[in-house]
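K.L.:
My questions all concern the structure below.
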Amino acid sequence: MSFVLDSKIPAGPLDQKWSKHKMDSKLINPANKRKFTILVVGSGLAGGAAAATLSELGYKVKCFCYQDSPRRAHSIAAQGGINAAKNYQNDGDSVRRLFYDTIKGGDFRSREANVYRLAEVSTNIIDQCVAQGVPFAREYGGLLDNRSFGGAQVSRTFYARGQTGQQLLIGCYQALEKEVHKGGVQMFPRTEMLDVVLVDGHAKGIVVRDLVTGKISSHAGDAVIMATGGYGNVFFLSTNAMGCNVTAAWRAARRGALFANPCYTQIHPTCIPVSGDYQSKLTLMSESLRNDGRIWVPKSKEVAAKLRKKEIHPDSVAEEDRDYILERKYPSFGNLAPRDISSRAAKEACDEGRGVASTGLGVYLDFRDATKRLGESVIRARYGNLFQMYEKIAGEDPYKNPMMIYPAVHYTMGGLWVDYNLMSNIPGLHVLGEANFSDHGANRLGASALMQGLADGYFVIPTTIANYLATQTPGKAKVTDDAFKLAEAETSARVNKLIGINGKRTVDSFHRELGLLMWDNCGMARNKAGLEENIKRIPEIREEFWNNVRIPGSGDIANMELEKAGRVADFLEFAETMCYDALSREESCGGHFREEHQSQPGDPDVDSGLVAPGEAKRDDANYSHVAAWQYVEGKAPILHKEPLNFEEVHPSVRSYK
Amino acid sequence: MLNLTLKVWRQKTPQDQGSIETYDAKNIPEEASFLEMLDIVNERIIESGGEPIHFDHDCREGICGACSLTINGVPHSKEKGITSCQVHMRKFRDGDTIWIEPFRARAFPVIRDLIVDRSAMDRIIAAGGYIDVRTGSAVDANSLPIPKPDADAAFDAAACIGCGACIAACKNSSAMLFTAAKVSHLGHLPQGQPERDKRVLAMVRQMDAEGFGNCTNQYECEAACPKEISVDHIARMNRDYTVASLKEQLV
């Protein structure tokens with residue numbers, strides 16, 4: 001198989017590309033739209049928005065989710081907010097500035113045209129959500145309020161207390177249910193996609209398993225949209241929901257879709273530290289806390305040791321004995337430095353033995369000064385629900401003791417490769433939201449995930465999918481075709497094989513083993529030796545999994561061990577590709593930090609004072625490309641490169657000093 | 001470490017009778033969450049050849065609304081303002097016996113063990129719990145100022161996570177608080193006014209059709225709600241419903 005990675009970026013000036021593309025895109029007349037069936041997998045912000053909007057346009061939509069209701073998709077857990085270049089604060093924001101911040105935040109590893117379009121439609125998203133009744137925070141004059149987020153020096157983040165994702169998703173879910181009621185969308189909850197069906201090389205259907213009855217069946221359509229989220233759970237512990245998985249994306253990859261930049265994973269700096277082996281997931285504390293909280297550790301290891309044993313109270317540590325790590329290293333951005341940079345600073349401090357949590361892995365996020373300045377009631381109004389959440393989990397009152405935080409896996413910038421139309425290299429297979437790779441480069445800025453999910457679903461795909469559909473005769477693929485029968489048989493065989501192993505180890509024990517390996521060697525910092533070890537170890541774990549996993553019960557009823565096993569089996573394959581990507585990218589950029597590639601004394605930028613030693617060091621001459629990986633059964637994946645061309649911005653050293 | 005006895009509802013399929021089974025839960029770390037305690041117990045059940053206890057869960061941070069356990073007779077436990085996944089073992093004592101059952105209601109059939117079918121709630125929303133606005137047709141967000149108190153009141157109602165605890169807590173299995181929260185969320189906003197009458201009539205009728213009971217003002221729903229949504233919304237919905245049905249008869 002050979003690939004030409006044509007990103008299909010329209011010609012013309014950057015700020016006119018999207019308008020021009022809309023004008024040049026094909027249209028389908030209203031009477032014909034209802035002849036097309038579109039399968040949407042995933043019902044989060046990207047999938048839910050796409051399903052609702054495509055149905056409004058007149059297409060027939062079938063929407064699938066593994067949860068019991070589309071309202072539970074993991075977009076719901078996003079706390080902080082959503083960016084939009086409204087410039088309601090009159091602080092100098094613009095589409096261009098949002099574009100620039102996002103492309104710089106992504107460490108110059110994303111496509112200019114995609115990012116510009118994202119910034120452009122960001123303003124429409126806010127309008128749409130308000131019209132749906134999303135209760136964004138408001139000022140007393142009745143107008144919308146904003147706050148600041150990491151990686152930006154303007155206030156462009158719209159929020160709904162600490163539940164922005166929930167409110168946006170409920171708006172989207174209501175729009176979806178509206179279309180269900182009108183008959184345009186048929187919803188399939190508790191249904192998991194287990195394969196994509198290709199007819200003559202085009203994605204024309206999916207194979208699903210009903211999670212209640214265990215029945216495996218297929219659905220045929222004229223195009224498939226996957227909005228199936230990210231793969232953060234490859235690390236076992238992450239802030240993702242327990243069910244988040246790579247299965248849909250990986251099954252597509254096995255059918256020939258290229259997986260782009262899998263090594264770009266985001267480690268979020270403000271999570272509640274790990275407390276023990278039994279732990280099933282990590283909890284994020286919104287980045288918005290960094291607006292008022294100050295991150296510090298003691299300057300000396302001795303004081304840190306006393307704090308770990310709780311021999312002294314953090315308030316008793318004098319100002320001159322504290323190291324406000326971000327304020328010291330990045331004075332102009334301070335505690336609002338981007339996520340990758342903040343996470344590494346916390347890791348560094350803990351690696352030096354200055355961590356303050358009982359495990360040694362934690363730094364303070366302290367509201368003492370903000371409480372003095374603003375009063376406790378203001379802090380309560382701004383962050384009350386987050387403080388409450390912290391207290392429930394950590395068992396400590398954050399109004400009395402500073403919070404402790406540590407970085408955790410949170411978001412994955414990598415995903416299936418897509419062109420400007422959000423179509424993968426498989427014709428007909430479109431990928432939206434976190435599941436694609438397109439907009440965040442090597443690092444995502446805070447409050448940009450919600451923006452991208454909704455941009456893709458509400459405003460991009462409804463236009464661009466017509467470019468594909470217009471070339472197709474509607475209704476051609478049938479579930480009775482051989483391709484469907486074959487894919488169903490393969491899926492059934494796999495499910496039966498899993499059940500038949502009847503070994504000794506639980507699914508979780510394999511998942512935990514894989515996760516630890518990935519965190520140690522493909523997590524916040526990576527090096528050649530560690531990645532090579534993973535590439536050797538992962539197939540061994542996979543081998544043991546397929547011989548020794550125990551899945552009790554049968555496949556013809558609800559069986560949660562079977563569901564988990566299928567997902568872990570796919571993580572065990574996908575993880576290897578992730579390590580190959582991390583190994584081949586011999587540079588540090590954004591969330592991908594290769595220990596061999598960091599700034600050091602002697603570098604011109606270090607000597608001139610632009611960056612400190614130990615920062616991520618990019619190699620634009622050799623790695624300014626998207627790495628898109630082709631799956632090959634039983635062999636190492638094959639790398640295909642899409643060069644990144646920067647016409648408007650000049651990739652520079654990413655300094656937040 | 002805690003040593004506990006669990007009394008758990010086990011029911012393999014929707015058709016099965018179901019019964020309470022007893023499990024020992026030994027050496028449970030106090031820092032673990034309630035669901036992590038069940039994970040530990042399940043690992044042991046699987047290792048000893050049994051089938052694990054099935055329960056719904058996903059985000060495990062109190063926002064998705066998937067988890068739905070009745071713990072010692074109270075949906076999400078007797079602790080106020082939290083979901084099942086936010087219950088922590090440090091709240092229990094060594095030697096405790098804990099009863100774990102599904103969210104029970106006529107309109108919530110059991111799927112397996114502690115998992116129930118709550119799709120009736122989606123159908124109530126589908127009947128009218130939205131503002132009918134097409135993507136792309138919205139005006140500028142700031143062209144419609146909304147007084148902060150109205151926006152805040154709308155938010156308080158919109159905080160509902162659709163878990164169904166209100167329904168499981170009610171002796172009548174009434175869905176009034178769930179339905180009223182949505183009616184109130186949209187009814188507090190100027191955008192929600194054009195469909196206000198139509199919405200409340202359609203949602204209440206769907207609620208009745210699904211087999212949910214009536215409200216007899218016991219307020220168990222508010223007490224069980226993890227987001228502490230007020231029963232005042234029910235009173236508001238009743239007013240809206242009365243007005244709307246009168247208008248309907250007069251037209």
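Computed from the coordinates by the stated procedures, all read-outs in this text should not be read as laboratory data. Just so it is clear, the structure is predicted and the values come from calculations on it, not from any experiment. Note: ideal-geometry Cβ built from the backbone for every residue, glycine included; neighbour counts use all protein chains shown.
K.L.:
Output the peptides B:210-217, A:380-387 sorted from most to least packed, where packing is the average of other Cβ atoms within 10 Å over each peptide's residues. All intermediate terms of the calculation are to be shown ahead of the outcome.
P.N.:
Working: B:210-217: 15.8, A:380-387: 18.2.
Order by mean packing, descending: A:380-387, B:210-217.
K.L.:
Could you state the orientation-averaged shadow area of the convex hull built on the Cα atoms of the stretch B:119-250, in nm² to one decimal?
P.N.:
8.6
K.L.:
Moving on to the next point. DSSP loop (so not H, G, I, E, B), at most 13 other Cβ within 10 Å: list which GluC sites (Glu not before Pro) in the stretch A:579-657 pass both filters.
P.N.:
A:GLU586, A:GLU595, A:GLU596, A:GLU633, A:GLU647
K.L.:
Along each of its three principal axes, how wide is the spread of alpha-carbon positions in the stretch A:1-82, in whole angstrom units, largest first?
P.N.:
Projected onto its principal axes, the Cα set of the stretch A:1-82 covers 44, 38, 35 Å.
K.L.:
Treating only the Cβ of Lys, Arg, Asp and Glu as charged (+1, +1, -1, -1), what charge dipole size does chain B show about its Cα centre? Round to the nearest 20 debye.
P.N.:
Numbers: 28 positive and 35 negative charges, 138 e Å.
In total the dipole reaches around 660 debye.
K.L.:
A follow-up question, please. At 4 °C and a viscosity of 1.567 mPa s, what translational diffusion coefficient does Stokes-Einstein give for the stretch A:376-467, taking Rh as the Kirkwood radius over Cα pairs? Give it in µm²/s as a whole number.
P.N.:
80
K.L.:
Give a quick list of trypsin sites (Lys or Arg not before Pro) in the stretch A:205-262 that DSSP marks as loop, anything other than H, G, I, E or B, with at most 14 other Cβ atoms within 10 Å.
P.N.:
A:LYS215
K.L.:
What is the ratio of the Cα radius of gyration of the protein assembly as shown to 2.2 N^0.38 Å, with N the residue count, to two decimals? Write out the running numbers ahead of the final one.
P.N.:
Numbers: Rg = 26.1 Å, N = 908, 2.2 N^0.38 = 29.3 Å.
Its radius of gyration relative to the 2.2 N^0.38 Å reference: 0.89.
K.L.:
In addition: For the stretch B:144-217, what's the radius of gyration and Dmax over Cα atoms, in angstrom?
P.N.:
13.3, 42
K.L.:
Further question on the same structure: What's the magnitude of the charge dipole for the stretch A:130-214 around its Cα centre, counting Lys and Arg as +1 and Asp and Glu as -1 at the beta-carbon? Answer in Debye, nearest 20.
P.N.:
280
K.L.:
Only bridges whose two residues both fall in chain B count here: according to DSSP, what percent of them are antiparallel, nearest 5?
P.N.:
75
K.L.:
Rg and Dmax in Å for the stretch A:408-448, alpha carbons only: what are they?
P.N.:
Expressed in Å, the Cα Rg and Dmax of the stretch A:408-448 come to 10.9, 36.
K.L.:
Treating the Cα atoms of the stretch A:245-344 as identical point scatterers in vacuum, please give the log10 of the normalised Debye intensity I(q)/I(0) at q = 0.14 Å⁻¹, two decimals.
P.N.:
-0.76
K.L.:
Largest first and in whole Å, give the semi-axes of chain B's equivalent ellipsoid, each being the square root of 5 times a Cα gyration tensor eigenvalue.
P.N.:
Gyration-tensor ellipsoid for chain B: 38, 19, 16 Å.
K.L.:
Which of A:ALA113, A:GLY602, A:GLY591 sits closest to the plus end of the dipole of chain A, meaning its Cα is farthest towards the positive end, when Lys and Arg get +1 and Asp and Glu get -1 on the C-beta?
P.N.:
Value computed over the given set: A:ALA113.
K.L.:
Mind jotting down the three principal axis lengths of the stretch A:269-409 based on Cα atoms? Whole angstrom, largest first.
P.N.:
If we take the Cα atoms of the stretch A:269-409, the spans are 37, 35, 31 Å.
K.L.:
Also, I was wondering about something else. Can you check what the net charge comes to around A:GLY334, using other residues whose Cβ is under 11 Å from the Cβ of A:GLY334 (Lys, Arg +1; Asp, Glu -1)?
P.N.:
Its environment carries a net charge of +4.
K.L.:
Taking neighbour counts of Cβ atoms within 10 Å as a proxy for exposure, in what order, fewest first, do A:GLU179, A:GLU563, A:GLU490 appear?
P.N.:
Working: A:GLU179 24, A:GLU563 19, A:GLU490 13.
Fewest-to-most Cβ neighbours within 10 Å comes out as A:GLU490, A:GLU563, A:GLU179.
K.L.:
Something else about it: How far apart, in nm, are the 7 Å Cα→Cβ label points at A:ASN622 and B:LYS78?
P.N.:
Computed distance between label sites A:ASN622 and B:LYS78 equals 6.6 nm.
K.L.:
Shielding of B:154-162 by partners, i.e. mean partner chain Cβ atoms within 10 Å per residue? Walk me through the intermediate numbers first.
P.N.:
Values: counts 4, 9, 1, 1, 9, 8, 3, 6, 6.
Average neighbour count from other chains, rounded to a whole number: 5.
K.L.:
Shifting gears a bit: Which FRET efficiency value, to the nearest 0.05, do you get for A:ASP520 and A:LYS485 by plugging their Cβ-Cβ distance into 1/(1 + (r/R0)^6) with R0 = 60 Å?
P.N.:
So, using R0 = 60 Å, E works out to roughly 0.90.
K.L.:
Using modelled amide H (1.01 Å from N, peptide plane; none on Pro or chain starts), what sits under 5 Å from the amide H of A:GLY205, excluding residues fewer than 5 places away?
P.N.:
A:VAL197, A:GLY221
K.L.:
7 Å from Cα along Cα→Cβ at both A:ARG328 and B:ASN238: what's the point-to-point distance in nm?
P.N.:
6.3
K.L.:
Work from the charge dipole of the protein assembly as shown (Cβ charges, +1 for Lys and Arg, -1 for Asp and Glu, about the Cα centre) and give the residue of B:VAL133, A:PRO637, A:THR412 farthest towards its positive end.
P.N.:
Going by the charge dipole, the pick is B:VAL133.
K.L.:
Can you give me the long-range amide H partners of A:CYS589? Hydrogens built in the peptide plane at 1.01 Å from N, cutoff under 5 Å, separation of 5 or more residues or another chain.
P.N.:
So A:CYS589 has HN proximity to A:ARG594.
K.L.:
Just how far, in whole angstrom, is the stretch A:96-175 from the stretch A:433-462 if you go by their alpha carbon centroids?
P.N.:
Centre-to-centre distance over Cα atoms comes out at 11 Å.
K.L.:
Measure out, as a whole number of angstrom, how far apart the alpha-carbon centroids of the stretch A:333-376 and the stretch A:231-273 sit.
P.N.:
26
K.L.:
Would you count, across the stretch B:1-96, every pair of lysines whose alpha carbons are under 24 angstrom apart, provided the pair is eight or more residues apart or spans two chains?
P.N.:
Lysine pairs, 8 or more places apart or on different chains, close enough: 8.
K.L.:
While we're on this one: Roughly how many debye, to the nearest 20, is the charge dipole of the stretch A:269-409 about its Cα centre, given +1 on each Lys and Arg Cβ, -1 on each Asp and Glu Cβ, and no other charges?
P.N.:
That gives a dipole near 140 debye.
K.L.:
Let me check the size of the stretch B:2-112 from its C-alpha atoms; what are the radius of gyration and Dmax in Å?
P.N.:
13.5, 37
K.L.:
A further question follows. Want the number for A:SER358 to A:TRP546: 0.36 nm per residue separation, take away the alpha-carbon distance, what's left? Before the final figure, lay out each step's value.
P.N.:
Values: separation 188, 0.36 × 188 = 67.68 nm, distance 3.73 nm.
Between A:SER358 and A:TRP546, full extension yields 63.9 nm more.
K.L.:
So what's the convex hull volume per residue for the Cα atoms of the stretch A:148-295, in Å³?
P.N.:
On the way: hull volume 27.8 nm³, N = 148.
Once divided by residue count, the hull of the stretch A:148-295 is 188 Å³.
K.L.:
Once you have the alpha carbon radius of gyration of the stretch A:442-585, what is it after dividing by 2.2 N^0.38 Å, with N set to its residue count?
P.N.:
For the stretch A:442-585, the normalised Cα radius of gyration is 1.39.
K.L.:
Tabulate in residue order the Karplus-calculated ³J(HN,Hα) for the stretch A:539-548, using 6.51 cos²θ - 1.76 cosθ + 1.60 with θ = phi - 60°, rounded to whole Hz; enter x for Gly and Pro.
P.N.:
Result, rounded to whole Hz: x, 5, 5, 4, 4, 5, 3, 6, 10, 9.
K.L.:
Next question. Connecting C-alpha atoms closer than 10 Å in a GNM of chain B, tell me which of B:ARG118, B:ARG199, B:ARG239 has the biggest fluctuation.
P.N.:
In this elastic network of chain B, the residue with the biggest mean-square fluctuation among B:ARG118, B:ARG199, B:ARG239 is B:ARG239.
K.L.:
Could you check what % of the DSSP bridge pairs in the protein assembly as shown are antiparallel, to the nearest 5?
P.N.:
So the antiparallel bridges amount to about 70 percent of the total.
K.L.:
Mind giving me the nanometre distance, one decimal, between the label points for A:ASP15 and A:GLU139, set 7 Å out from Cα along Cα→Cβ?
P.N.:
Going from the A:ASP15 label point to the A:GLU139 one covers 2.5 nm.
K.L.:
Where the Cα atoms of the stretch A:90-177 are projected onto their three principal axes, how long is each span, largest first, in whole Å?
P.N.:
Principal-axis extents of the Cα atoms in the stretch A:90-177, largest first: 37, 32, 20 Å.
K.L.:
Please list, by residue number, everything in the stretch B:94-115 whose backbone N is under 19 Å from a paramagnetic label point 7 Å out along Cα→Cβ of A:SER554.
P.N.:
Correct set: B:111-113.
K.L.:
A follow-up question, please. What full-extension length gain, to one decimal in nm, is calculated for A:SER377 and A:SER300 as 0.36 nm per residue of separation minus the Cα-Cα distance?
P.N.:
24.4 nm
K.L.:
Now a separate question. Using 0.36 nm per residue, how much length does the chain from A:GLU391 to A:ASN527 gain when fully extended, once their Cα-Cα distance is taken away?
P.N.:
Residue separation times 0.36 nm, minus the Cα-Cα distance, leaves 45.3 nm.
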